[in-house]
Amino acid sequence: MMKRSTEDGSRIEQALHVADEYEREPVPAKALKGPAKFWGMYAGEHTAGTEFMIGPMFLAGGVGVFDLFAGLLLGNLLAVLSWRFVCAPVATSTRLTLYAQLERIAGRRVVLLYNLANGILFCFLAGAMITVSATAVVPALQGVGIPLEVRQPSLQDLMPTGLSWVVIVLLVGAVIAVVAARGYDSVARVANMAAPWMILIFIACALVTLPKLDAQSAAEIWKGGEPQAGSVKLTFWHVLIFAWCCNAAMHLGMSDMSVLRYARKASYGWASAAGMYLGHFVAWICASILFALEIQRNPDSPANAPGPMVDNAVGFAGLVCVIVAGWTTANPTIYRAGLAFQGMFPRSSRTWMTLLAGGVATVAGIFPAVPMRLLDFVGIYGTILAPVGAIVFLNHWAGGRWGLVRDYAATKGIAVNPAVLAAWLLPVGFCVVDFVWTQRVWSPFLAAPAWLAAGLLYLTGSKLLPRNSMP
Amino acid sequence: MKVKHAAITVSGLALTCLTLLPPLLFAVGRIPQSTLEFLMLLGTVLWFASVPWWMRKEAP
């Protein structure tokens, strides 16, 4: 049964014409969508402003040409397979959001904790995308004659670069947050419209930049060797694992149940290939080429702010692309964060929770720390969230077998499933300790082992639960 | 229907002739940077002006 929104939320929802999103019930057959929508949505969502950040970071990490191309090809394939065979079957079978399904397995109080972590991490990720858009807004406004003096953030900046930067980010974030509150249909529509054009802008940037490089082959662009100061040395395995696990929260972690629950068939999970090979392959490589020119021009202190790089390449059209790319990905990310916060407070309005998420993301966007350490942040973000997907996966396929009860918390009427709590927090705690204190393992490498560990711990822990028998 | 067909034509031209072709021409030295930037901006405007007329309004 759908929870009723507060009166205030209802007025805002009416003003914004927000659609019914089936937050806490299975998506009915009448709301299912055809495959084309998912191909366009995935292409748009993963051809984002952050691709302008990640591509250069491979180059800064001293990756060689074979390691880059082979790692991206195989890593993205693993990601697609994860969406198709891990997330999509569960999503199309249950027709529920991750939060609704997890509550049935783990109990409401465990979901509260997950929703808090999920919402905050999504907000920081969206904040990084707001930052990216803001780097393009500055030269765009300067280009139309508005005299702005803003120091763009660079790889070494973790704090805001000035008051004018803060104001720009606040304005960009406010617009993005309000639009995100309209609901999934509207943001997906814009992403669908922009996707074909965006990928061509990425390609255009590379085509324009290549003649300006002092390189006769790809090996002279991605030379390998020592990384730039402050960057981790990246190898084939770094590239492969990052390409696979950068979206671990969505595929292994089942967050994209919120999206794929609208799919008529599980095979629509293949649509993720549009995002992986257009966004996480073509766009990353094109962005890397942009940064190669920046390194050539300023070898001692290359700046990786996407706005100025793209402006130098293709001008105002490129700035529009950076703004739109950041926006069309920030929106669904803020939307997911809003869903997560609403999961914590079921009687709350999704609109208000989405606006809250947008506000947190905007504040996070003021600090360049996350976008400038994006590879590390994405790694730990997937590591923290992905393990619950193993639990959902096993509940779906093993529930009712091997003596396990499907949807244990709902069946037993409990608020906390201790097996879920332990299975999630133990591997995550271990990984967070490594990330914060010892840093012996590059954070993207932690996601898949944490997922596996959570699955094994859940199987083991569930068998130890009292009265864990078939109903 | 005629409007939709016209919009599709404009969108196609915007993508091919005004977004992908100018960088190729720039890369081989046929057009200067200023012309490249103008054509690509024109393509951007035409794309977003035309695509809503033919892209279906439903979304996932």
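Among residues that are on the phi > 0 side of the Ramachandran plot, in contact with a strand residue (DSSP E or B) (Cβ under 7 Å, 6 or more places away or on another chain) and either open to solvent by 20 Å² or more (accessible area, probe 1.4 Å) or free of Cβ contacts under 8 Å to residues at least 12 places away in the same chain (or both), A:Gly230 is not included.
So, of the residues in region A:233-283 that are surrounded by fewer than 23 Cβ atoms within 10 Å (Cβ to Cβ) and among the basic types (Lys, Arg), which turns out to be nearest to the other protein chains (Cβ to nearest Cβ)? Looking at residues that are surrounded by fewer than 23 Cβ atoms within 10 Å (Cβ to Cβ) and among the basic types (Lys, Arg), I get A:Arg264.
At least 3 residues being more than 7 Å from chain A (Cβ to nearest Cβ) and exposed (fewer than 15 other Cβ atoms within 10 Å of the Cβ) is the threshold, and among the helices (runs of 4 or more DSSP H) wholly inside chain B those reaching it are B:2-15, B:33-50. From the list A:Val363, A:Val378, the lone residue that is part of a helix (DSSP H, G or I), open to solvent by 60 Å² or more (accessible area, probe 1.4 Å) and not charged (D, E, K, R) is A:Val363. Inspection of region A:181-190 identifies at least one residue that is surrounded by 16 or more Cβ atoms within 10 Å (Cβ to Cβ), aliphatic (A, V, I, L, M) and part of a loop (DSSP other than H, G, I, E, B). Each residue in region A:336-349 was checked for being closer than 19 Å to A:Leu121 by Cβ and in contact with a Gly (Cβ under 6 Å, 6 or more places away or on another chain), and 3 pass.
One line per residue, one yes/no per condition, for (1) modelled with pLDDT of 90 or more; (2) open to solvent by less than 10 Å² (accessible area, probe 1.4 Å); (3) not charged (D, E, K, R):
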site: A:Ile285; (1), (2), (3): yes, no, yes
site: A:Ser288; (1), (2), (3): yes, yes, yes
site: A:Ala292; (1), (2), (3): yes, no, yes
site: A:Ser301; (1), (2), (3): no, no, yes
site: A:Asn304; (1), (2), (3): no, yes, yes
site: A:Val314; (1), (2), (3): yes, yes, yes
site: A:Val320; (1), (2), (3): yes, no, yes
site: A:Ala325; (1), (2), (3): no, yes, yes
site: A:Thr333; (1), (2), (3): no, yes, yes
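Using the structure shown, decide if A:Ala229 is in a helix (DSSP H, G or I), more than 14 Å from chain B (Cβ to nearest Cβ) and farther than 19 Å from A:Glu51 by Cα. Against the criterion (in a helix (DSSP H, G or I), more than 14 Å from chain B (Cβ to nearest Cβ) and farther than 19 Å from A:Glu51 by Cα), A:Ala229 does not qualify.
Anything in region A:24-69 that is part of a helix (DSSP H, G or I), within 17 Å of A:Val190 (Cβ to Cβ) and among the basic types (Lys, Arg)? List them, or say none. Across region A:24-69, the qualifying residue is only A:Lys37. Among the numbered conditions (1) within 15 Å of A:Leu319 (Cα to Cα); (2) without any contact (Cβ under 8 Å) to a residue 24 or more places away in the chain; (3) away from chain B (no Cβ under 14 Å), the only one that A:Leu200 does not meet is (3).
This table checks each residue for (1) in contact with a helix residue (DSSP H, G or I) (Cβ under 6 Å, 6 or more places away or on another chain); (2) within 20 Å of A:Gly44 (Cβ to Cβ).
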position	(1), (2)
A:Arg297	no, no
A:Ser301	no, no
A:Val324	yes, yes
A:Tyr335	yes, yes
A:Gly338	yes, yes
A:Gly343	yes, no
A:Leu374	yes, yes
A:Ile380	yes, no
A:Gly399	no, no
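Taking the listed residues A:Arg347, A:Arg401, A:Arg373, the one that is within 20 Å of the chain's Cα centre (by Cα) and either modelled with pLDDT under 85 or over 19 Å from A:Val175 (Cα atoms) (or both) is A:Arg373, with no other qualifying. Close contacts from region A:208-219, counting a first residue that is more than 14 Å from chain B (Cβ to nearest Cβ) and closer than 12 Å to A:Ile295 by Cα and a second that is part of a helix (DSSP H, G or I) and open to solvent by 50 Å² or more (accessible area, probe 1.4 Å), with Cβ to Cβ under 9 Å and a gap of 6+ residues or different chains, come to A:Asp214/A:Glu220; A:Asp214/A:Gln296. Considering region A:301-350 alone, what residues qualify as being aliphatic (A, V, I, L, M), part of a helix (DSSP H, G or I) and away from chain B (no Cβ under 14 Å)? Hits for region A:301-350 are A:Met309, A:Ala330, A:Ile334, A:Ala337, A:Leu339, A:Ala340, A:Met344. A:Val27 meets the conditions (1) modelled with pLDDT under 80; (2) within 24 Å of A:Ser349 (Cα to Cα) in every case but one. The failed one is (1).
The values are calculated or read from the model by the stated rules, or taken from the named source; none is laboratory data. All values reported here derive from a predicted model rather than from experimental measurement. So basically every Cβ, Gly included, is an ideal-geometry build from the backbone, and we count neighbours across all protein chains shown. Just the protein is used for accessible areas: all its heavy atoms, side chains included, with ligands, DNA and RNA removed. Shrake-Rupley method; radii C 1.70, N 1.55, O 1.52, S 1.80 Å.
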